[in-house]
Amino acid sequence: MEGDSRSSTIRSVAPLGSHAEGDVDPQVLIREARARARRRRIRLTVVLISLLVVAASVVAAVRSPSRRVVTAQQDRNRQPAIAPAAAPRFFADTQGSGEGSGPLEIRQTATGRLVWQEQGATSSNDLTGLAAAGAGSYVIARTVGTCATRLYRVRLSARGLPGTPAPLGPTLPGLLWSLAASDGGRVIGYALSGCSKGAPGYLGVLQVPGGRTREWGGISLGGISSGNLALRGQLSMSADGRSLAFAADAMSQQYGPITGQSVRVLATDAAPGTVARRSHAIYRQAAPGTRSGFSLAAASLSPSGTSVYVCRQSATRTLATAEIVAYGTSTGKPRGVIATFDAKGTWPQVSCSSMALDSSGGFLLVPYALHYLGQPSTEVVQRVARISLATRARSTVPVRMPASGGISEENGTSIVAW
């Protein structure tokens with residue numbers, strides 16, 4: 001369908017000029033859209049607190065998506081994962097707030113200690129995307145000019161220090177909202193929109209060696225682009241680059257209310273068309289605040305492409321819960337609960353929306369809660385869980401965040417990759 005997809009070889013282009021509505025600076029519009037998107041996620045949690053009434057049995061036991069209680073004996077029957085020798089020694093992250101993403105950081109996996117932090121980043125070269133491209137290798141995205149995106153590859157040394165970023169592929173015209181990469185970074189997945197209200201939104205893939213792109217339209221991104229599906233969380237990609245997975249809200253009309261939620265898989269060689277037509281749903285649930293009791297927050301595809309890990313969250317007046325459930329991509333059937341996180345009261349909330357698989361597919365990293373140290377310190381600790389998918393063993397990594405003088409509930413690790 002004309003206008004729903006694009007396929008071309010992109011040449012390097014100059015940054016697009018300012019041509020948004022009126023005399024509004026596109027960068028201002030972008031920042032406001034990102035801030036609104038983050039505030040919308042928080043308001044959704046508040047709405048769930050007031051609307052959901054969860055039975056006492058939910059508090060007392062973990063339930064599978066089929067609503068059966070999953071006991072320890074039953075959970076041992078799940079399909080075992082192949083465990084790698086060890087989790088990666090380092091992970092990369094960027095901390096988000098209502099003003100946008102912070103600088104790139106490298107941390108030790110075992111302790112959460114900051115190894116390296118980018119210095120001198122400005123609003124003109126904001127980090128907008130981060131994805132692992134194999135062990136010790138990352139792809140990052142930065143804003144170029146007023147409405148263009150540049151990709152770079154970063155490799156870590158044995159000490160966890162990044163080398164000089166190397167440009168990767170051509171400049172992409174538009175604003176990047178999410179990034180994913182195959183093992184080795186030969187295929188890059190992205191969510192891209194224009195910078196003015198109503199500009200089209202696309203999911204696309206870039207074949208790095210030749211600069212060839214393929215895109216599918218009809219996706220809503222951050223309230224800027226319109227579509228009958230709205231991206232939730234980050235994109236993820238199989239190791240061979242053949243599949244993209246993501247969580248999405250369904251909407252009955254442009255910028256309309258959410259009518260349902262799903263986890264979808266899109267083949268990267270799919271024919272032109274809209275995202276809704278060319279992807280297929282492997283998991284569906286009702287809209288937040290209805291009978292499902294959970295809000296879909298994110299999805300992460302395994303390197304093999306055979307499993308997807310789904311993050312769901314709920315909240316009542318007395319309990320907040322986040323759970324991660326594995327599903328088979330070919331059957332859509334649940335394979336077991338990976339982890340649950342609970343917090344009593346309305347604060348602190350728990351979340352699994354920033355979870356990330358390592359490149360081997362053996363470990364899951366989940367920033368799940370913020371802990372305020374209290375006066376006189378304004379420092380915050382991000383609690384990050386490291387989970388072995390083979391054994392379900394879980395350990396907590398404390399990530400200390402520097403004092404900002406104005407930390408709000410929106411602050412936290414927004415993207416992690418390892």
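The values are calculated or read from the model by the stated rules, or taken from the named source; none is laboratory data. Every value quoted in this text rests on a predicted model; they were computed, and no experiment measured them. FYI the Cβ positions are ideal-geometry reconstructions off the backbone, even for glycines, and counts take in every protein chain you see.
From the list G223, G260, G204, G198, the one residue that fits, being touching a helix residue (DSSP H, G or I) at 6+ places or on another chain (Cβ under 7 Å) and either of a type outside the set (V, I, T) or in a strand (DSSP E or B) (or both), is G223.
Does A271 fit the bill of being outside any strand (DSSP E or B), under 19 Å from the mean Cα position of the chain (by Cα) and within 21 Å of L206 (Cβ to Cβ)? In short, no. Every test in (1) part of a loop (DSSP other than H, G, I, E, B); (2) modelled with pLDDT of 90 or more is passed by V416 save one, and that test is (1).
Give the residue, chosen from D240, D249, that is of a type outside the set (G, A, S) and either crowded, with 24+ Cβ neighbours inside 10 Å or over 16 Å from the mean Cα position of the chain (by Cα) (or both). It would help to see each step written out before you state the result.
Working: D249 fails: either crowded, with 24+ Cβ neighbours inside 10 Å or over 16 Å from the mean Cα position of the chain (by Cα) (or both).
Among D240, D249, only D240 is of a type outside the set (G, A, S) and either crowded, with 24+ Cβ neighbours inside 10 Å or over 16 Å from the mean Cα position of the chain (by Cα) (or both).
Being within 19 Å of the chain's Cα centre (by Cα) and farther than 24 Å from Q349 by Cα is the requirement here; does Y283 meet it? Yes. Of the residues screened, G233 is one that is touching a residue at least 40 places away in the same chain (Cβ under 8 Å), assigned to a strand (DSSP E or B) and surrounded by fewer than 23 Cβ atoms within 10 Å (Cβ to Cβ).
Against the condition in a strand (DSSP E or B), touching a Lys or Arg at 6+ places or on another chain (Cβ under 6 Å) and surrounded by 16 or more Cβ atoms within 10 Å (Cβ to Cβ), how does A369 come out, does it pass?
Judged against the criteria, A369 is a match.
Out of A276, A298, I need the residue that is within 25 Å of Y368 (Cβ to Cβ), in contact (Cβ under 8 Å) with a residue 24 or more places away in the chain, out of contact with any Phe, Trp or Tyr (no Cβ under 8 Å at 6 or more places or on another chain) and outside any loop (DSSP other than H, G, I, E, B). Which one?
So the residue among A276, A298 that is within 25 Å of Y368 (Cβ to Cβ), in contact (Cβ under 8 Å) with a residue 24 or more places away in the chain, out of contact with any Phe, Trp or Tyr (no Cβ under 8 Å at 6 or more places or on another chain) and outside any loop (DSSP other than H, G, I, E, B) is A298.
Somewhere in segment 186-196, is a residue under 21 Å from the mean Cα position of the chain (by Cα), surrounded by fewer than 24 Cβ atoms within 10 Å (Cβ to Cβ) and within 17 Å of Y152 (Cβ to Cβ)? Yes; the residues of segment 186-196 include at least one that is under 21 Å from the mean Cα position of the chain (by Cα), surrounded by fewer than 24 Cβ atoms within 10 Å (Cβ to Cβ) and within 17 Å of Y152 (Cβ to Cβ). Within segment 256-268, the presence of at least one residue that is within 29 Å of S359 (Cα to Cα), hydroxyl-bearing (S, T, Y) and surrounded by fewer than 23 Cβ atoms within 10 Å (Cβ to Cβ) is confirmed. Residues in segment 302-322 that are within 15 Å of G336 (Cα to Cα) and not hydroxyl-bearing (S, T, Y) were compared, and the one that is farthest from the chain's Cα centre (by Cα) is A322.
From the residues in segment 156-180 that are surrounded by fewer than 22 Cβ atoms within 10 Å (Cβ to Cβ) and of a type in the set (S, T, Y), which one is nearest to P88 (Cα to Cα)? Across segment 156-180, the extreme among qualifying residues is S157.
Within segment 277-295, the set of residues being at pLDDT 95 or above and buried (at least 20 other Cβ atoms within 10 Å of the Cβ) comprises S279, I282, Y283.
W216 meets each of the listed conditions (1) surrounded by fewer than 23 Cβ atoms within 10 Å (Cβ to Cβ); (2) within 30 Å of G184 (Cα to Cα); (3) more than 15 Å from the chain's Cα centre (by Cα) apart from (1).
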